[in-house]
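Accompanying notes for the structure given below.
The values are calculated or read from the model by the stated rules, or taken from the named source; none is laboratory data. Nothing here was measured: the structure is a model prediction, and the numbers come from that model. Methodologically, a virtual Cβ is constructed for each residue, glycine included, from the backbone with ideal geometry; neighbour enumeration extends over all protein chains shown.
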Amino acid sequence: MELKKIHHVAIICSDYEKSKDFYINVLGLKMISEVFRENRNSFKLDLAVGNHCQIELFSFPESPERPSYPEAAGLRHIAFSVEELAAAVDDLLSKGVEVEPIRVDTITQKKYTFFADPDGLPIELYEV
């Protein structure tokens, strides 16, 4: 078996409309499809991340909160690459998103920062 790339990342949100707005209007992801699954009382929104990956945004009633701080075992965060980190940070700040100070990766010397989605999911921007 040879894994080729990550196809998608699935995220369960607590407020579907708020998260949908965040991922589309704040982060600028493009909608691929949106389905309401009546038997699960759940929306599934597929969003394009560039041409190579997707985010599946789910709404499930009464989902438990995700432990984030202190760091819990499991998936830590999702990261997006950007061409110019300072411009991306300025864009987020102009939309009211709180962003951590820009740091430099001590191994690669690349710049990166973190912010959170409406449910507190850590999201990293990494300058390429």
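In the range 26-65, which residues are closer than 30 Å to Val128 by Cα and either among the aliphatic types (A, V, I, L, M) or not assigned by TED's automatic domain parsing to the domain that holds His7 (or both)?
Result: Val26, Leu27, Leu29, Met31, Ile32, Leu45, Leu47, Ala48, Val49, Ile55, Leu57.
Do the conditions hold for Phe36, that is, is it over 22 Å from Ile6 (Cβ atoms) and either in contact (Cβ under 8 Å) with a residue 60 or more places away in the chain or aromatic (Phe, Trp, Tyr) (or both)?
For Phe36, the condition - over 22 Å from Ile6 (Cβ atoms) and either in contact (Cβ under 8 Å) with a residue 60 or more places away in the chain or aromatic (Phe, Trp, Tyr) (or both) - is met.
Filter the range 115-128 down to the residues that are in contact with a helix residue (DSSP H, G or I) (Cβ under 7 Å, 6 or more places away or on another chain) and outside any loop (DSSP other than H, G, I, E, B), then identify the one that is farthest from Leu27 (Cα to Cα).
The selected residue is Glu127.
Go through the range 16-36 residue by residue and tally those that are over 21 Å from Glu98 (Cβ atoms) and in contact with a Phe, Trp or Tyr (Cβ under 8 Å, 6 or more places away or on another chain).
4
If I ask for residues that are touching a residue at least 60 places away in the same chain (Cβ under 8 Å) and within 25 Å of Glu62 (Cβ to Cβ), which ones from the range 13-29 would you list?
Passing the criteria: Cys13, Ser14, Asp15, Lys18, Ser19, Phe22, Tyr23.
Where in the range 1-114 are the strands (runs of 3 or more DSSP E), entirely inside, with at least 1 residues that are in contact with a strand residue (DSSP E or B) (Cβ under 9 Å, 6 or more places away or on another chain) and surrounded by 14 or more Cβ atoms within 10 Å (Cβ to Cβ)?
Fully inside the range 1-114 and qualifying: 8-13, 42-49, 53-59, 78-82.
Of everything in the range 19-47, what is over 19 Å from Pro118 (Cα atoms) and not charged (D, E, K, R)? Give them in sequence order.
Hits for the range 19-47 are Ile32, Ser33, Val35, Phe36, Asn39, Asn41.
Can you tell me which condition Lys44 does not meet? The list is (1) in contact with an Asp or Glu (Cβ under 8 Å, 6 or more places away or on another chain); (2) touching a residue at least 24 places away in the same chain (Cβ under 8 Å); (3) not aliphatic (A, V, I, L, M), and all the others hold.
Going through (1) in contact with an Asp or Glu (Cβ under 8 Å, 6 or more places away or on another chain); (2) touching a residue at least 24 places away in the same chain (Cβ under 8 Å); (3) not aliphatic (A, V, I, L, M) one by one, Lys44 breaks only (2).
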